[in-house]
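Worksheet: one structure, shown below.
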Amino acid sequence: MASTGIINATNLNFYVDVSGTMKKVANTQNAQLTLNNDMNDATSKDSAGWSKNSPGKRSWEMSGDALYQQDAASATYWMGEEVFTAMNARTLTLVYFSTSATGDEQYSGSGYFTNLDMTAGTEDNSTISWGFTGDGALTKDTVS
């Protein structure tokens, strides 16, 4: 059933497609989707000293962080160390930014993991954070 009202951020997550199955990154604490629209300078002598712009290339990125867990891959979750594997192999990966609730909107596209940070403070939970850059269009559809 589609969500209504303000979406609880706990329900909006970063998912990875694994052989046609959406798997949520385990222990995610934050997930972010960023869309960019580069602007081309269209200023001329006819613009009366004002900057003018026209839309150029579009791009998108996703990022997130999670508590780091070293377990074997599961049917439900994608583990943090799998980010390393995909990044190290330069694997084109299909990802989703979604609640996974049927009827809700979701964003998806393919791209590459571009950075990976692992943090281990003294007597603290270890964490992992990643960056992901889209390769081509980001699509918006409905979770079925």
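Quick note: the coordinates plus some simple rules give every number you see, no bench work behind them. The shown structure was predicted, so the numbers you read here are calculated from the model rather than taken from an experiment. Note that each Cβ is placed from the backbone with ideal geometry, even for glycine, and that neighbours are counted across all protein chains shown.
Summary of values
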item	result
Fewest-first ranking of Tyr96, Tyr107, using other Cβ atoms within 10 Å as the exposure measure	Tyr107, Tyr96
Unsatisfied cross-links (Cα-Cα over 20 Å) in the set Lys24/Lys57; Lys52/Lys140; Lys57/Lys140	Lys24/Lys57; Lys52/Lys140
Local net charge near Met39, Cβ-Cβ under 14 Å (Lys/Arg +1, Asp/Glu -1)	+1
Three-way shape call for segment 57-105 based on the alpha-carbon gyration tensor, with the a/c threshold at 1.5	oblate
Gyration tensor (alpha-carbon) shape descriptor, segment 85-144, a/c threshold 1.5	oblate
Potential lengthening between Tyr112 and Ser100 on full extension [0.36 nm per residue; Cα-Cα distance subtracted]	2.2 nm
Magnitude of the charge dipole, the chain, Cβ model with Lys/Arg +1 and Asp/Glu -1, debye to 20	480 debye
Table column - 3J(HN,Hα) (Hz), segment 83-98, Karplus curve with 6.51, -1.76, 1.60, x for Gly and Pro	4, 4, 4, 5, 5, 5, 8, 6, 7, 5, 10, 8, 10, 10, 10, 7
Leu92-Asp41 FRET efficiency (beta carbon distance; Förster radius 35 Å; 0.05 resolution)	0.60
R0 of 41 Å, Cβ-Cβ distance Asp135-Ala9: FRET efficiency to nearest 0.05	0.95
Gain on full stretching of the segment that runs from Thr142 to Arg58 - 0.36 nm per residue minus C-alpha separation	28.1 nm
